[in-house]
1. Quick one: in the range 400-428, which of the residues that are over 29 Å from residue 493 (Cα atoms) and surrounded by fewer than 14 Cβ atoms within 10 Å (Cβ to Cβ) is farthest from the chain's Cα centre (by Cα)?
2. If residue 487 satisfies all but one of (1) modelled with pLDDT under 60; (2) under 31 Å from the mean Cα position of the chain (by Cα), what's the number of the condition it fails?
3. What do you reckon, is residue 106 without any contact (Cβ under 8 Å) to a residue 24 or more places away in the chain and either on the phi < 0 side of the Ramachandran plot or outside the structural domain of residue 40 (by TED's automatic domain parsing) (or both)?
4. Taking residue 103 as meeting all but one of (1) surrounded by fewer than 22 Cβ atoms within 10 Å (Cβ to Cβ); (2) touching a helix residue (DSSP H, G or I) at 6+ places or on another chain (Cβ under 9 Å), write down the number of the exception.
5. Does the range 120-154 hold any residues that are touching a helix residue (DSSP H, G or I) at 6+ places or on another chain (Cβ under 8 Å), part of a helix (DSSP H, G or I) and in contact (Cβ under 8 Å) with a residue 40 or more places away in the chain, and which are they?
6. So if I check each of 75, 109, 30, which one is surrounded by fewer than 16 Cβ atoms within 10 Å (Cβ to Cβ), assigned to a helix (DSSP H, G or I) and under 32 Å from the mean Cα position of the chain (by Cα)?
7. Consider residue 309 carefully, then state whether it is surrounded by 21 or more Cβ atoms within 10 Å (Cβ to Cβ) and under 23 Å from residue 231 (Cβ atoms).
8. With respect to the numbered conditions (1) surrounded by fewer than 22 Cβ atoms within 10 Å (Cβ to Cβ); (2) over 28 Å from the mean Cα position of the chain (by Cα); (3) not in a strand (DSSP E or B), which one is the sole condition not fulfilled by residue 80?
């Protein structure tokens, strides 16, 4: 039989298990030993695209367990029903369950019980192998604490660069080519076998290397050209999905863009996952808006409402973990022009001139109005300083040192609720001393209550203010005031964005 040259799609593989470019991940020996241990079920956790499935299938074959392998997925409804009934179908042979994190709790509990039984009996007739995202093992153990010592949890991390380079060299040898941007591809893959395969595939395709060459051939592509080519292809599949997630259920143009920032943060994570609350604490300018969408269930609802989003993103509310599941989507969002993307989907800007959009100053007797304003503005994804919501951060701090900067400069606007008790309280006197110089620059919005004695706040009356009638309709006034405040915030944000753009133009800075 004549020799058949190896084809590009057989060497740099975009789907299925590679034959010519398989590289053992660092965790491979541990996986092989676990497969050979009777009764030892295995949980393999980690990001998509780093070679979990490929390594498992190769190791199953090498361990001599490949005669009977049942492949199941947490994405398929028929498989989910079958998984729940696994304990009644022994002996099973080797069962591989992918997308474990997508299974309902009932199915996860059934798997946990079965793993415990197989371990206690040292059963040689059945082997369970579960594949899932980061923390899949912890999720499984939560259904049975005594399971921890009975299963093997193997975290697959990003592969070291020398492993990625090994894959690329094997591909070069198979096709008899020399990829001139091999090092750039290895760095851009950031530990993902799949991304390396994808970039090498498109590099060869652009150089018309469709099959193994008779004579050594060197490509002459630039990495930027290959990346642009790949991004153009990926945009057809992922742009609308990324935009839908980033907008949230309702776009707030002047808001702090919590969903967009969540997507950006996860794109920067080496594990392609983040703990939402921990990440919010690292970014004070988005902390309030992000915490709200997570704590109130909006993030969970947003992901659950879209099959397109679920295809690439998973959110586990139990441990507040947001994970990207598709390596192609990871590459796409990692290489987005985020400033341009934010403007394209409708945000005024993702650069904020201050930590808070608003700081509220009020006497305790008027907390009902302050709290209603806080709830309304945070609902609109704005960042608001409200003392009741910040007590845990103020605790053990020098209160004056902590609060002073917030009212003097850290909030774009101060909303002072001027009721009859406002001039009588020590803390409102302290707060007003911090922001009184800001009246002249239009950065203080007085809300003058009808219950305040006539003439008490004549100075505030000389600037634009909102008159709140204590006998009037509370909700109607709240909505009216909120609209005015949002409009003011939008104006500040637009001016800031224009100034930043003008500054960049003057200084020859390219906004990316």
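The values are calculated or read from the model by the stated rules, or taken from the named source; none is laboratory data. If you're wondering where the values come from, they're calculated on a predicted model, not measured in any experiment. Reconstructed Cβ throughout: ideal geometry from the backbone, glycine too, with neighbour counts over all protein chains shown.
1. 424
2. Here residue 487 clears every test but (1).
3. yes
4. (1)
5. Within the range 120-154, 136, 139, 140 meet the criteria.
6. 30
7. So residue 309 does not fit the description; no.
8. Evaluating residue 80 over (1) surrounded by fewer than 22 Cβ atoms within 10 Å (Cβ to Cβ); (2) over 28 Å from the mean Cα position of the chain (by Cα); (3) not in a strand (DSSP E or B) leaves (2) as the failure.
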